[in-house]
Amino acid sequence: MESWGITFLFLLFANVLALGASSSQHHNDHFRQCLTSEFETSNADPSNVVYSPQNASYASLLQSPFLVRELASLKPLLIITPFHKHEIQAVIYCSKKLGTQIRVRSGGHDYEGLSYTSGIPFVVLDMRNFRSVSINTEEKTAWVEVGATLGQLYYTIARHSRTLAFPAGVCPTVGVGGHISGGGHGMIARKHSIAADHVIDAKLITADGQILDRKSMDEDLFWAIRGGGGTSFGILLAFKVELITVPRRLLFSTLPERPNKT
């Protein structure tokens, strides 16, 4: 009798797992069909943008040196790596239609798992292809897309000017999107404040698919995306930041350590 009960529980558990897997695959198929339909209207090719668990590139796209494996129990239905704004709008539309959550990732430095975990079915919107940086040395400004890293931003600034800089963090592989929208602390914040305080414009896609800049969004929203976490209010595309002036050369010295006197 006891063995029969154990067998029954095992079969019940196996059925639950099978139903869960079937439901997940069903949700995956519906989301993929929705995206394919939306992409067709704009002549986009989903094969270079949408990755399912059956795709060979899925695992490498999901993995990150900063991914906390203990948090990543539920895997995303799909990983989407858009190249164009209309592809992001399609992801937003399908997520609303099918009740699927979107997790947005720029550089992947996320020890809380906010960009790659969820308690409900979700997709990852990986912004790695939105990484252009445009410098205007006369205005002392830069437009930087959220998929660029701090290292790419610093390098591009240095190629254009030896006396311009941007006050942000020290790790070159941190994504601009999460860093700036989360505040952006750095080594020279005491003198020049944090990165978010230097944002003078931004481009954002709302939950309704509208593309807004500072003029078309209200000031409360513009205030919120500079430190309040960009993906809480929409999908950020790019920031326009003001650059700071720094000396061409720095002079520094070191003081020898004095021996302890006993």
Q. Since Ala168 meets every condition but one in (1) closer than 30 Å to Gln89 by Cα; (2) part of a helix (DSSP H, G or I); (3) not basic (Lys, Arg), which condition does it not meet?
A. (2)
(Q) Condition (residue is under 27 Å from Ile211 (Cβ atoms), touching a residue at least 24 places away in the same chain (Cβ under 8 Å) and acidic (Asp, Glu)) applied to region 103-116: is it met by at least one residue? (A) yes
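Can you tell which of Ala195, Ala158 is aliphatic (A, V, I, L, M) and free of Cβ contacts under 8 Å to residues at least 12 places away in the same chain? I'd like the intermediate steps shown before the answer.
Working: Ala195 fails: free of Cβ contacts under 8 Å to residues at least 12 places away in the same chain.
Of Ala195, Ala158, the one residue that is aliphatic (A, V, I, L, M) and free of Cβ contacts under 8 Å to residues at least 12 places away in the same chain is Ala158.
Can you tell me which residue within region 87-137, out of those that are assigned to a loop (DSSP other than H, G, I, E, B) and of a type in the set (Asp, Glu), is nearest to Ala59 (Cα to Cα)? If you could, list the steps in order and put the result at the bottom.
First pass over region 87-137, keeping only residues assigned to a loop (DSSP other than H, G, I, E, B): 99-100, 106-121, 127-132, 137.
From what is left, the residues that are of a type in the set (Asp, Glu) are 110, 112.
Values: Asp110: 17, Glu112: 20 Å.
Ranking the candidates gives Asp110 first.
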Q) Is at least one residue of region 214-232 within 23 Å of Thr137 (Cα to Cα), among the β-branched types (Val, Ile, Thr) and assigned by TED's automatic domain parsing to the domain that holds Thr149? A) no
Q. From Ala158, Ala142, Ala148, which residue is surrounded by 17 or more Cβ atoms within 10 Å (Cβ to Cβ) and more than 25 Å from Leu61 (Cα to Cα)?
A. Ala142
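The values are calculated or read from the model by the stated rules, or taken from the named source; none is laboratory data. Treat the numbers as computed from the prediction; the structure is a model and nothing was measured. No Cβ is skipped: glycine too gets one built from the backbone with ideal geometry, and neighbour counts run over all protein chains shown.
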